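Following: one structure in structure tokens, then a few remarks.
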Amino acid sequence: MDDDNDAEDPKKLSLSREIKFMMYGFGDDPCPYTQSVALIEDIVLNYINEISLSALNMGKKGKITVEDILHLIRHDLKKFGRAKELLISNDEIKKARKGFEEDKYHI
């Protein structure tokens, strides 16, 4: 096995399938060019890596918190707003599940 081949590395994160669906959802061809998908995937993974490393260097040593991420994206109002929206939705889902589980055991 060739160690330089990223496709064979089971630890390598691949978002190509999701990116293809997103590209199609935004009006691209159902089967976009492989090079386009690879370019977008590279950009996304680099962004995630940069944000993660920045967040890792901000707060507690060796730990990334939601607050660290929010602090880093606070000037990008679209990203910040969407992140807050997703966090609120996540809390609502947790509360709904908790309520459902409590009802389940009290019947």
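Just so it is clear, none of the values below were taken in a lab; they were calculated from the coordinates. As the structure is a computational prediction, the values presented were derived from the model and not from experiment. Note that we place each Cβ from the backbone using ideal geometry, even for glycine, and neighbour counts take in every protein chain shown.
Which links in Lys12/Lys61; Lys20/Lys60; Lys12/Lys95; Lys63/Lys98; Lys20/Lys79; Lys60/Lys84 stretch past 29 Å when you go from one Cα to the other?
Cα-Cα > 29 Å for Lys20/Lys60; Lys12/Lys95; rest within.
In Å, what is the Rg of the alpha-carbon atoms in segment 13-107, and how long is Dmax?
18.2, 56
Kindly state, to the nearest 0.05, the FRET efficiency for Arg82 paired with Asn49, given R0 = 22 Å and r defined as their beta-carbon distance.
Working from the Cβ atoms, E equals 0.65.
Please give the length that would be gained between Lys63 and Leu15 if that part of the chain were fully extended, namely 0.36 nm times their separation in residues minus their C-alpha to C-alpha distance (nm, one decimal).
That works out to 14.9 nm of additional length.
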